[in-house]
Amino acid sequence: MGGFFGAACKGDAISDVFFGTDYHSHLGTRRGGMASYDEEIGLQRDIHNIENSPFRTKFENVFDEMKGKSAIGCISDSDPQPLLVRSNLGTYAICIVGVINNADDLIKQYLDFSGGQFNAMTGGKVNSTELVAALINQKSDFVAGIHFAQEVIEGTASILILKNDGAIIAARDRLGRIPVLIGKSENGYCVSFESFAYQKLGYDDEKELGPGEIVEFTCDSLKQLAAPGNKKRICAFLWSYYGYSPSTYEGVNVEVMRYRNGEILAKHDMEMGNAAGVDYVSGVPDSGTPHAIGYANMSRIPFSRPFIKYTPTWPRSFMSAKQSDRRKVAKMKQVPVCELIRDKSLLFVDDSIVRGTQLRETVEFLYSNGAKAVHMRSACPPIMYGCKYLNFSRNTSDLDLITRSTIMELEGEEGEKYLNEYSDSSTERGKLLRQKICEKFHFSSLEFQSLEGLIEAIGLDECDLCTYCWNGKE
């Protein structure tokens, strides 16, 4: 994934953008970058690798190295950005959030007609942000260029541009799959993926951009350059998994949604008579915890934390490119509270079950510390399709998903015809899928939130939500 933050201020903007960008660190682990505009210096840029050290430590000297009343910053799980671009539209800094699935085709088309070039990275890959800039620059103004880029990109692209006069252009992706919000303070305006990031900095909610909407702002003005479209497909995974708990999207707070989601899971279990005799309800930290709190509140089963994640020194477990390293770090971070595990029947709620690799080791860890039973609940439906609109998942094939690989084992390619049945716990295929995964991971029981339950917990119309990874509907 990734996230961005920008601000145009009456005074220096570096501090706000430094902290605002840092508040997006949960969305990316590879690159961090900032760009600013100063009347005397012009545009400046700084990019760092943050795979082994967080954004804050890599940019701690930015206050001495960069200045300006306008700035943008980004956290990225993909290519280095922001980039500085000089083109027919002027010189500007640009960063994006999203994924371009047809990048090779777009690069070929551009080179064939333009006779131009791209800076190549290792292996000949082209920076996706540079590609977006090249698409924008084919038109005579930024609005036409952004519309063109978003129309030809297969995937998603929200775009942030810092112009050479200090103005900032913010464009939400064409179908609004990810949020873009505007904040306002006495000092100016800002733009952010996460609402809490600017609220902590003293900005108030000004507006949330609609799908495809484009705005431009300075320290004392905000104007709409392009109205929003009518079709919206905001990612439902924002609330169940990768959105940060204090944030609000489309008027729905993440933490509150997760409580509701857990309550709905618990209601279903109570109606079905599932998980009888459970001693404690727990969340797989961190994003599973609020779902578990909702479950515990509804079921009246005590909430507990049978193991604690030790995070002061260990890096995030998914940072390493090597699966063995990620597994090692994940294991070392889990510190048991034996009194809450030994001879206890535990029910865990996780935000989702994707590949299940680390979940398998968590369950083994619990049994090795004396657990009597480990029940598992997923706060979202069975994931049947790898996401093709955002890059928060590293899956290279749908068969990397534990659901699809299990279905392949059960029924081969024939099973692909019955994915809806496998998702539904009331069908024979649905029951068989859950039973088979239980056997693989030694769960005492397993259930997934239903798509209807997830949509109810979010509280938005289903037609406004992207649910592709669960039902394949675009």
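Taken over the stretch 342-388, the criterion of being within 18 Å of GLU439 (Cβ to Cβ), touching a Gly at 6+ places or on another chain (Cβ under 9 Å) and among the aliphatic types (A, V, I, L, M) is satisfied by ALA373 alone.
For ASN137, are the conditions met, namely being in contact with a helix residue (DSSP H, G or I) (Cβ under 9 Å, 6 or more places away or on another chain) and either surrounded by fewer than 14 Cβ atoms within 10 Å (Cβ to Cβ) or not assigned by TED's automatic domain parsing to the domain that holds ALA13 (or both)? Break it down into steps so the answer makes sense when it comes.
Working: in contact with a helix residue (DSSP H, G or I) (Cβ under 9 Å, 6 or more places away or on another chain): yes; either surrounded by fewer than 14 Cβ atoms within 10 Å (Cβ to Cβ) or not assigned by TED's automatic domain parsing to the domain that holds ALA13 (or both): no.
It is false that ASN137 is in contact with a helix residue (DSSP H, G or I) (Cβ under 9 Å, 6 or more places away or on another chain) and either surrounded by fewer than 14 Cβ atoms within 10 Å (Cβ to Cβ) or not assigned by TED's automatic domain parsing to the domain that holds ALA13 (or both).
Is there a residue in the stretch 115-136 that is closer than 28 Å to VAL254 by Cβ, aliphatic (A, V, I, L, M) and either in a strand (DSSP E or B) or free of Cβ contacts under 8 Å to residues at least 12 places away in the same chain (or both)? No, there is no match, as no residue in the stretch 115-136 is closer than 28 Å to VAL254 by Cβ, aliphatic (A, V, I, L, M) and either in a strand (DSSP E or B) or free of Cβ contacts under 8 Å to residues at least 12 places away in the same chain (or both).
A search for C-beta distances below 9 Å between a residue of the stretch 52-79 that is in a loop (DSSP other than H, G, I, E, B) and any residue that is modelled with pLDDT of 95 or more and among the basic types (Lys, Arg), counting only pairs 6+ apart in sequence or on different chains, returns MET66/ARG45; LYS69/LYS10.
Here ILE100 meets the list (1) in contact (Cβ under 8 Å) with a residue 24 or more places away in the chain; (2) of a type in the set (Val, Ile, Thr); (3) in contact with a Phe, Trp or Tyr (Cβ under 8 Å, 6 or more places away or on another chain) almost entirely, failing just condition (3).
Is it fair to say HIS268 is in a helix (DSSP H, G or I) and surrounded by fewer than 22 Cβ atoms within 10 Å (Cβ to Cβ)? Taking the combined requirement at face value, the residue satisfies it.
When the stretch 82-97 is limited to residues that are part of a loop (DSSP other than H, G, I, E, B) and either hydroxyl-bearing (Ser, Thr, Tyr) or touching a Phe, Trp or Tyr at 6+ places or on another chain (Cβ under 9 Å) (or both), the one that is farthest from SER140 (Cα to Cα) turns out to be PRO82. Screening the stretch 427-455 for residues that are at pLDDT 95 or above, closer than 18 Å to LEU399 by Cβ and among the charged types (D, E, K, R) and picking the one that is nearest to the chain's Cα centre (by Cα) gives LYS436. Each residue in the stretch 394-426 was checked for being of a type in the set (D, E, K, R) and either under 27 Å from the mean Cα position of the chain (by Cα) or under 24 Å from GLY453 (Cα atoms) (or both), and 8 pass.
The values are calculated or read from the model by the stated rules, or taken from the named source; none is laboratory data. Bear in mind the structure is a predicted one, so any value in this text is a computation, not a measurement. Virtual Cβ from ideal backbone geometry, glycine too; neighbours counted across all protein chains shown.
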